Structure formats: structure tokens, C-alpha cells
1. Within the group I191, I182, which residue is among the β-branched types (V, I, T), surrounded by fewer than 21 Cβ atoms within 10 Å (Cβ to Cβ) and at pLDDT 95 or above?
2. Name the residue, out of V104, V135, V45, that is in contact (Cβ under 8 Å) with a residue 60 or more places away in the chain and either of a type in the set (V, I, T) or surrounded by 13 or more Cβ atoms within 10 Å (Cβ to Cβ) (or both).
3. Part of a helix (DSSP H, G or I) and farther than 18 Å from F107 by Cβ: which single residue out of L212, L167 fits that description?
4. Anything in segment 48-90 that is farther than 20 Å from L157 by Cα, outside any helix (DSSP H, G or I) and in contact with a Pro (Cβ under 9 Å, 6 or more places away or on another chain)? List them, or say none.
5. For segment 104-152, give me the residue count where each residue is touching a helix residue (DSSP H, G or I) at 6+ places or on another chain (Cβ under 9 Å), among the hydroxyl-bearing types (S, T, Y) and modelled with pLDDT of 95 or more.
6. Of all residues in segment 122-132, which are more than 15 Å from W88 (Cα to Cα) and either over 17 Å from the mean Cα position of the chain (by Cα) or crowded, with 20+ Cβ neighbours inside 10 Å (or both)?
7. What tally of residues in segment 77-101 results from selecting those that are touching a Lys or Arg at 6+ places or on another chain (Cβ under 6 Å) and surrounded by fewer than 15 Cβ atoms within 10 Å (Cβ to Cβ)?
8. What number of residues within segment 27-50 are aromatic (F, W, Y) and in contact with a strand residue (DSSP E or B) (Cβ under 8 Å, 6 or more places away or on another chain)?
Amino acid sequence: MNFLFSLGEIVIHKIDWVIFDLGGVLIDWDPRSVYGRGGFDPIKVDHFLAQIATSEWNSQMDAGLPFQTAIDQRSLEHPEWREWLQAWRNEWPTMLRGVLHESVTIFDEVVSLREAGGLEGVLALSNWAPDTFKVAQARFPSLNKFDARLISGEERLIKPDPAFFRLLSERHYVVPERAIFIDDLSKNTDIAKKLGYNVHVFKDAPTLREDLVRLKILKEL
């Protein structure tokens, strides 16, 4: 069903698809679980994460570059950090701290709504290396509740590339104006918004719930 409702002076389409990012929204992933533990110099850790194991470098794996290839290439550039870089792979499961329980509770409510016929679909759009995603998928059963998932390393597309969002729409018949995209990074939600999606920049579970209530997706507790 496609209809509009008014929120003040804003006219909003009924939401039929809820699209979740994974890391930082449903899953707690933090390299400091490895590098921040006892025995590591905190100043050295800060430098490593800011200058060596950068988000840009990690994104290469999310985009499909084989994990060990990325480690080896970066180690050639920074041989003095080889041991730390190898730990990025060897101890990656330790960086996967667990689920964000309050967010998963909301996610389960959204899945229940879809199962009851209140939504067209609950989808995942995530930047994640394909081999490490399998580790997370095995550990966290909630990741198998999605109607479909687009994982960057499998698709060789990565947020915030608009083509990744277009692939989501084309493959799963998502109408952006009738979907909400939830992500913890504004650079990703900014692109989604330009493409017509309703967006939520995730900060915490209570704020997410407020937004889903505002959009008439969930009911107030």
C-alpha cells in the first residue's frame, strides 16, 4: 500500500522497507579490543589506528581486496608495523565484541512487523569484507533474519558510492521514498538522502526508536 501522511508541514510516504547498516548499528566492532588491552602503549595505539590502519585502508578489504593481500601491501609500506598489521587479521574476531543489544531488540521488532505483513522487507546494506562477514554471520544469528543482504565485499561496491544504493533498489525493488536507511556514518546517509531515501544517522537505540515511532513504523512502548 502506498499512501502519504502529514507530519506538521512535512509529507512523508508510508515506509515499506527498513534498511540497516550492520557495524556500529547492530554489531559492536572495535579494533581497540585488540590494540587497547594491557601491554600496548596507548599513544602508539592512537598513532597506529589514525595513521596506519586507517579507515581508508580497511575500506579496501570491505571493497573486496583479499584480507591477507591488504595486510601484505600495507606491511611493505610500513614494515615496522608488520606485526601489528598481521594482528588485524589474526585477531579480527576479538575486534567483534558482540551485538548492540538495544538495537537488536528494535531490529527484532521490525522483523516481527515484516513477518506480520506490515513491511515489504527488512534489508542490510553494509561495508564488510566477505570472509570476515562469514565469521560474524556464524556468531550472530540475528544476521540471518534479513530478507536480503548486500555486503560490499561480495558486490565489489562500497558505501557511500551511489551505485551501491541503486543496486539495492534495483535488485530488491525498493522505492527510496518508501524506505528508511539507518547508518552510523553521515557520509553514507547523506548520499542515501540525495537518492530519495528517508535516513536516520544512528547514535543510540532510544533515538532510533523515537524516529521509527515518528515515521509510524513502530508503536510507542
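The values are calculated or read from the model by the stated rules, or taken from the named source; none is laboratory data. Source: prediction; values computed, not measured. We place every Cβ from the backbone using ideal geometry, glycine too, and count neighbours over all the protein chains shown.
1. I191
2. Of the residues listed, the single one that is in contact (Cβ under 8 Å) with a residue 60 or more places away in the chain and either of a type in the set (V, I, T) or surrounded by 13 or more Cβ atoms within 10 Å (Cβ to Cβ) (or both) is V104.
3. From the options L212, L167, the qualifying one is L167.
4. A53
5. The total comes to 3.
6. V122, L123, A124, L125, S126, N127
7. Total meeting the criteria: 0.
8. 1
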